[in-house]
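We did not get these values from a lab; they are worked out from the coordinates using the rules stated. Note that this is a predicted model, so its numbers are computed, not measured. Glycine gets a Cβ as well: all are built from the backbone with ideal geometry, and neighbour counts include every protein chain shown.
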Amino acid sequence: MTTFDVTSWQYRRAITINHEKVPGENDMINFPLYFVCEDPAIGRSAQRSGADFVFTADDGQTKLSHEIRSWNPDTGHLVAYVKIPRLSPKHDTILYLHYGNPAAADQQDVEGLWSEYAMVRHLGHGRPPTTKRGGTIGQTEFLVLQMRVLEDLFGRDWFTTATPKREKHPAYRRWLFCKKIAARGTIRATFESAEANTEAIELAEMICDNASLIRCTVGDTANFTLGSIANYGDIGVQRRLRAVLPDHEQYYDVLAELNYAGWHLTKGHSIRIHEDNGWPDFQIQIPGLALPVMADSKRLKKGASSTSFKRVIARANRQVKSPGIECYGVVVINVTDLLPRPLPLSDARPAEVIQAEQEVARLLRNYYTSISIAVLVWDEITILTGDDDQGRGIGVYVTTKGIVVKHDRPLRVLPSQVIEALQPQSQVDFFVHREDREWV
C-alpha cells in the first residue's frame, strides 16, 4: 500500500461494508473484495477507460490495490476487485472510490491485488489474462487442462479402460467428473447455500491436488500444465511413485507428500527424495541451517482417532532415526479430511485443527524425541454465495495453511528462525469466481 495524492482527483465516493454481512468472528486480512456499483454520474466524470479509478482506505489517502473486471462509462456500471487490508465482522469497513482525473495513467495494481495467490482464474467469459495469476479462461478449456494433468501423469489409456478397482481411484473419478461437466457445458452453482455447491467443492479439491503435482514436477502453474515426473527425485523414487500412484488406497498419501515437497521447492529449498520405505519421505536442506531436516508425511482419513495420530508420529520418529545421521526430525500431518466441506469464511483456526493440535502436543510431551516439530497442514475450501439476483455469483477459495507443534524436549531443537520455513502459512492457491451467471 502507498500514500495517494488526492489533489488531482475531483470526486470521491464513500463505500461502507456492513459488518453484519461479514461472516466469522475474526478480521480477514488482505481480503479481495468483489465490488459492484452502477451510477451514471460516475460514468460522466471518470475516464472512459476507467484508468483514473483509485480505491483508498478509510483515511482517504492509503491506496489499495485493485483490478477492474468491467466498466461501462455510459451506464456507470463498474465491477472490480479491491484488496481490503482488514475486513472486520464487528464494525463497518470504510473505503473510498476516487475518480475524475483526465490526466491519470492506469491506476490498477493487479499484481499487488493477487500477490498472495499462486493463481487466479475466472471461468467463463470476460477479460483476457492480465498477469500470470489473473485473467479469464473458458470453462471447458479449464476442465480439459485438469484432465490433461491427470492424463500426463497416468497416461491417457489408463482412463479409457474402466476396471472395478480403477473406478475407485480418485484420479479416475475426477477425470470422469471433468469429462461430464465439459460435455454438459456448465457447472452447477447456486445462490441458495454454500453447502449446495458440491460440484464447486469437488472442482476446488481437484485444483488444489493438481497444483501440487504441477509444482513438484516443475510444471507451469500459470498455464496449468504438468512437468516431467523425471524432475521429482531419482530413478528409484520415480519408479516408486509410478508404482503407488495407481493404488487408490495410497493416492492421497502420495499427494500429501508431493504437496509439502512442492511447497518447499517454490521456496528454493533443496530436497532429496528417499526411495527406501524405511526412511522418511524426504530430506530438506534449508539455507543457513547446518543440519538437514528429515521429514515424513501422512494424510489422515476422515474419522481419524487418537490412535491414528499416535501411529503416524511413532512411524515418523522411527524413520527419522533410520538413516543414522544427525538431523532435525519433522512429521507432517495433513488433516484436510478431518474438516467439513465447505468451511465458513474466516481467518480463525477450525475447531478440528485445534483438536488435532492438542492431541499432537499431548503425544509429543514426553515421547518421540527424534521429532523436533510436527507440522499440521490442511486445505480450506470456502464458498461465498450471492444473496441477490444481481449476478454477483459465487466465489470459491482454496487455501493451504499450516501450524507448527513443538516437542517439549526433543533431541535437537530447531532454531526458531527456520521454523517458519517448514510451515505453509496462509498460502492461497486458487480463487475462482462466477460472474454474469456463468462460471468466471
Looking at the chain as a GNM with Cα springs under 10 Å, which of P170, P344, P287 has the largest mean-square fluctuation?
P287
Which of H274, I42, H264 sits farthest toward the positive end of the charge dipole of the chain, with +1 on the Cβ of Lys and Arg and -1 on the Cβ of Asp and Glu?
H274
Find the relative contact order for the chain and round it to a whole percent, using C-alpha pairs within less than 8 Å whose residues are 6+ positions apart.
14
With a ≥ b ≥ c from the Cα gyration tensor eigenvalues, square-rooted, and the rule rounded for a/c under 1.5, otherwise prolate when a/b > b/c and oblate otherwise, the range 1-95 is prolate
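Could you pull out the longest piece of the chain with no exposed loop GluC sites (Glu not before Pro) in it, calling a site exposed if DSSP puts it outside H, G, I, E, B and it has at most 13 other Cβ atoms within 10 Å?
Working: sites that count: E25, E192, E249, E326.
By the stated rule (loop sites, at most 13 other Cβ atoms within 10 Å), 26-191.
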Exposure proxy check on R341, R166: fewest-to-most Cβ neighbours within 10 Å is R166, R341
Can you sort T399, T75 by how many other beta carbons sit within 10 Å, fewest first?
T75, T399
Sites S228 and L411 - FRET efficiency at Förster radius 35 Å, r taken between beta-carbons, to 0.05:
0.40
What percentage of all Cα-Cα pairs in the chain are separated by more than 43 Å?
19
Nearby aspartates and glutamates by direct alpha-carbon distance to K83 (threshold 12 angstrom, same-chain neighbours under 8 apart not counted)
E67, D109, E111, E116
With each label point set 7 Å from Cα along the Cα-Cβ vector, what nm distance links T2 and A361?
4.3
Quick calc, the range 45-108, dipole around Cα centre from Cβ unit charges on Lys, Arg (+) and Asp, Glu (-), nearest 20 debye, gives 180
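Mind sorting K298, K267, K321 by how few other Cβ atoms lie within 10 Å of their own Cβ, fewest first?
K267, K321, K298
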Fraction of antiparallel bridges per DSSP, the range 139-435 only, in percent to nearest 5
70
Determine the principal axes of the Cα atoms in the range 226-356, then give the extent along each, sorted from largest to smallest and rounded to whole angstroms.
41, 32, 29
Answer with one residue from S228, V110, T198: the one whose Cα lies farthest towards the positive end of the charge dipole of the chain, charges on Cβ with Lys, Arg +1 and Asp, Glu -1.
S228
I need the helices of the chain that pass two filters: whole DSSP H segments spanning 15 Å or more by Cα along the axis, and mean Kyte-Doolittle score no lower than -1.0.
139-154, 170-184, 198-216, 251-266, 306-321, 351-363
How far apart, in nanometres, would the label points at R166 and K179 be if each is projected 7 angstrom from Cα along the Cα-to-Cβ direction?
0.9
Add +1 for every Lys or Arg and -1 for every Asp or Glu among the other residues with Cβ under 13 Å from the Cβ of R412, and state the total.
+2
Hey, which of these cross-link pairs are over 29 Å Cα-Cα: K21/K302; K321/K406; K165/K406; K267/K321?
K21/K302; K165/K406
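Based on Cβ point charges of +1 for Lys and Arg and -1 for Asp and Glu, what charge dipole magnitude is obtained for the range 139-435 about its Cα centre, in debye rounded to the nearest 20?
That gives a dipole near 980 debye.
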